[in-house]
Amino acid sequence: MRRLRGALAPYLMILPGGLWMAVFFVVPLVFMFSVSLMTGNIIDGFKQTWHWQNYTDGFHTYGDKLVRSLWYGLLATVACIALAYPAAYWIAFKGGRRKSTYLFLLLLPFFVSFVLRTLAWKLVLTDNGPLLGPLRNHGLLPSDFHVLDSGFAVVSGLTYNFLPFMVLPIYVALERIDYRVIEASYDLYASRTQAFLRVVLPLSLPGVFAGVIMTFVPVASDYVNSEVLGGPNNVMIGHIIRTEYFDNSSYALASALSFSLMALLLVGIFAYARALGTEDVLEAAGR
């Protein structure tokens, strides 16, 4: 009896979380997939006709928005790495007793609503705002120069809003590194650059790996930043899905677009994991 209890204990422990995921993730996902193959409208109703053309119609109509979303997501993720890694490195190795304080200050702006932060970013980037206004008034920028309604504004907003998703995993990975290992590399006549490239960077790859996944997926599916900062010429697929579902009541097309985006994200993540070498990352994480 004890052996049976011991064998069942792990499954009983994951049962509540498994049921939660099944009810609020798996079931809606299956239902949404079923809706993506329906035909009809909100007046006459929808019928299950296994209409796979919803997917081809979505690609044909909004393929450029899908590509733009992936491209903006990639640019924002790379920008997040460039900003997050130095910050996390400094806090982990130079922060001393005030590491928690520095992390709190870094995360403090993100206690504000996501929409409010995006609107504040719009205020900063507006033509007559506190950043560009003085530069234009002093003749440092041409009168027709603007940042809003551009891809740069969208990527900047995405980078700003999702930066913590990259900082925290990298910081945790760097914090776990035993500094004596780095000192040992110096004893073996490694320069600071060699010590970073051969010791610190490989040991921090699990954090980078997790940060990219946690950042790229929500960034590529975001629609608030493109709507507020990008204008009509920089619409991302998330905005299209929201419009088709809530404004046009095209539930089948919106569901098909959602699954298309999900499939592209999964392909990108698996390709990234294979290129980076998941086994090497996990091995480094276990050290």
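Which ³J(HN,Hα) values in Hz, rounded to whole numbers, follow from the phi angles of the stretch 187-203 under the Karplus curve 6.51 cos²θ - 1.76 cosθ + 1.60, where θ = phi - 60° and Gly and Pro get x?
Computed from phi, the couplings for the stretch 187-203 are 5, 8, 6, 7, 6, 4, 5, 5, 4, 5, 6, 9, 10, 5, 4, x, 6 Hz.
Please work out how much accessible surface Trp90 shows to a 1.4 Å probe, ignoring ligands, DNA and RNA, in Å² rounded to 10.
Looks like 120 Å² after rounding.
Any chance you could look up the accessible area of Phe25 with a 1.4 Å probe, heavy atoms only, rounded to 10 Å²?
Taking all protein chains as shown, Phe25 has close to 110 Å².
Please work out the average accessible area per residue across the chain, using the 1.4 Å probe convention, and give it in Å².
Normalised by residue count, the accessible surface of the chain is 61 Å².
Once phi is turned into θ = phi - 60°, what whole-Hz ³J(HN,Hα) does the Karplus curve with 6.51, -1.76 and 1.60 give for every residue of the stretch 46-52, x standing for Gly and Pro?
Once rounded to whole Hz, the list reads 10, 10, 7, 10, 6, 8, 5.
Taking the Cα centroid of the stretch 178-255 and of the stretch 149-166, what is the distance between the two, rounded to the nearest whole Å?
After rounding, the separation between the Cα centres reads 11 Å.
What's the carbon and sulfur percent of the chain's accessible surface, probe 1.4 angstrom, rounded to a whole number? Could you put the intermediate results ahead of the total?
Numbers: 11810 of 17530 Å².
The nonpolar share, carbon plus sulfur, comes to 67 percent.
Among Ala190, Met262, Thr61, whose Cα projects farthest towards the positive end of the dipole of the chain, with charges put on the beta-carbon of Lys, Arg (+1) and Asp, Glu (-1)?
Ala190
Above 23 Å lies some portion of the pair distances; for the stretch 1-111, what is it as a whole percent of all C-alpha pairs?
Numbers: 4152 of 6105 pairs.
Considering the stretch 1-111, 68 percent of its Cα-Cα pairs are separated by more than 23 Å.
Could you size up the charge dipole of the stretch 136-201 around its Cα centre, putting +1 on the beta carbon of Lys and Arg and -1 on that of Asp and Glu, and report it in debye to the nearest 20?
Details: 5 positive and 6 negative charges, 20 e Å.
So the dipole magnitude of the stretch 136-201 works out to roughly 100 debye.
In straight Cα distance, which aspartates and glutamates are under 15 Å from Lys122, not counting same-chain residues fewer than 8 positions off?
Asp149, Glu227
Can you spot the aspartates and glutamates whose alpha carbon is less than 12 Å from Lys99's alpha carbon? Ignore those fewer than 8 places along the same chain.
Answer for Lys99, where 12 Å is the Cα cut-off: Glu175, listed by chain and number.
In debye, nearest 20: dipole of the stretch 1-86 around its Cα centre with unit charges on the Cβ of K, R (+) and D, E (-)?
600 debye
How large is ³J(HN,Hα), in whole Hz, for each residue of the stretch 213-228 in order, when computed from phi with the Karplus curve 6.51 cos²θ - 1.76 cosθ + 1.60 and θ = phi - 60°, using x for Gly and Pro?
Couplings: 5, 5, 9, 5, 5, x, 5, 5, 9, 6, 10, 5, 5, 5, 6, 7 Hz.
If you take the alpha carbon radius of gyration of the stretch 59-171 and divide it by 2.2 N^0.38 Å, what ratio comes out, to two decimals?
On the way: Rg = 17.1 Å, N = 113, 2.2 N^0.38 = 13.3 Å.
Expressed relative to 2.2 N^0.38 Å, the Cα Rg reads 1.29.
Over the chain, what is the mean sequence separation of C-alpha contacts under 8 Å (at least six apart), divided by residue count, expressed as relative contact order in percent? Mind showing how you got there, number by number?
Working: 290 pairs, mean separation 74.3, N = 287.
Relative contact order comes out at 26 percent.
Rounding to the nearest 20 debye, state how big the charge dipole of the chain is about its Cα centre with +1 on each Lys and Arg Cβ and -1 on each Asp and Glu Cβ.
Values: 20 positive and 17 negative charges, 238 e Å.
That gives the chain a dipole magnitude of about 1140 debye.
Given C-alpha coordinates of the chain, what is the ratio Rg to Rh with the Kirkwood estimate of Rh?
Numbers: Rg = 23.4 Å, Rh = 22.3 Å.
Across the chain, the Cα-based Rg/Rh ratio is 1.05.
The values are calculated or read from the model by the stated rules, or taken from the named source; none is laboratory data. This one's a predicted model, so the numbers in the text were calculated from it and none came from an experiment. Using ideal geometry, Cβ is built from the backbone for each residue, glycine included, and neighbour counts are taken over all protein chains shown. With ligands, DNA and RNA removed, areas are computed over all heavy atoms of the protein, side chains included. Shrake-Rupley method; radii C 1.70, N 1.55, O 1.52, S 1.80 Å.
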